[in-house]
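Presented below is the structure to which this report refers.
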Amino acid sequence: MPDIKHKNQRVAVFIDAQNLYHSARSLFGGRVNFKNLLAAAVGGRQLIRAFGYVISTKTGEEKPFFEALIKLGIETREKELQEFFGGAKKADWDVGLAVDAIRTAEIVDTVVIASGDGDFIPLVEYLKNQGRRVEVIAFGRSSSGKLKEAVDEFIDLGEEPGKYIIKK
């Protein structure tokens, strides 16, 4: 679908911080520049809400990161890292992000999902069936091919790593 963006479009952005963090680290050895990511996701349109889904740990070392997101105007949704007997860890926000996207879709024209996770395909299909434009912004090399096909537009952060990656 061609780029159908205009300045009066109302946009909500949903950022899967863990997904982007791991992709940026494994592909480029750096961290995501969330300021530039948010600007690209909004694309000169009206930002209604932006959510960042983050994981907190017992050490609290991520607090400065959370504060930086808040300063950018990103509402953080925090969940504690689950640690299971035997050392396994789980940190998953897929359902929470999907529920927020469905709730927020009523007041926006476009939903932007910042994640390459193929688990979001049913969400994309639902939102499109509700008449919403759905875009994904993520790293193409670590994104689901089927997710890229399902959305109205895919923005590949990996095409401009100098803009979207902060080297350590």
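The values are calculated or read from the model by the stated rules, or taken from the named source; none is laboratory data. Just so it is clear, the model here is predicted, and its values are computed rather than measured. Note: ideal-geometry Cβ built from the backbone for every residue, glycine included; neighbour counts use all protein chains shown.
Please list, ordered by first then second residue, the pairs with beta carbon atoms under 8 Å, 6 or more apart or interchain, first in the stretch 107-127 and closer than 16 Å to I4 by Cβ, second among the aliphatic types (A, V, I, L, M) and surrounded by fewer than 19 Cβ atoms within 10 Å (Cβ to Cβ). Sorted first by the residue in the stretch 107-127, then by its partner, the pairs are V108/I48; L127/I102. Scanning the stretch 18-64 for residues that are surrounded by 14 or more Cβ atoms within 10 Å (Cβ to Cβ), without any contact (Cβ under 8 Å) to a residue 12 or more places away in the chain and not aliphatic (A, V, I, L, M) turns up Y21, R25, E62. Scanning the stretch 9-63 for residues that are assigned to a helix (DSSP H, G or I) and of a type in the set (G, A, S) turns up A17, S23, A24, S26, A39, A40, A41.
Here K167 meets the list (1) touching a Gly at 6+ places or on another chain (Cβ under 6 Å); (2) within 19 Å of V13 (Cβ to Cβ) almost entirely, failing just condition (2).
When restricted to residues that are touching a Phe, Trp or Tyr at 6+ places or on another chain (Cβ under 9 Å), among the basic types (K, R) and outside any helix (DSSP H, G or I), the stretch 142-168 contains 1. Among residues of the stretch 65-87 being over 26 Å from P122 (Cβ atoms) and at pLDDT below 80, the one that is surrounded by the most Cβ atoms within 10 Å (Cβ to Cβ) is E83. Filtering the stretch 64-87 to residues that are hydrophobic (A, V, I, L, M, F, W, C) and assigned to a loop (DSSP other than H, G, I, E, B) leaves L72, I74, L81, F84, F85.
Flag not set for V108, criterion: modelled with pLDDT of 95 or more, under 13 Å from L147 (Cα atoms) and surrounded by 15 or more Cβ atoms within 10 Å (Cβ to Cβ).
Whether any residue in the stretch 125-135 is of a type in the set (G, A, S), assigned to a loop (DSSP other than H, G, I, E, B) and farther than 20 Å from F65 by Cα is what I want to check. Scanning the stretch 125-135 turns up at least one residue that is of a type in the set (G, A, S), assigned to a loop (DSSP other than H, G, I, E, B) and farther than 20 Å from F65 by Cα.
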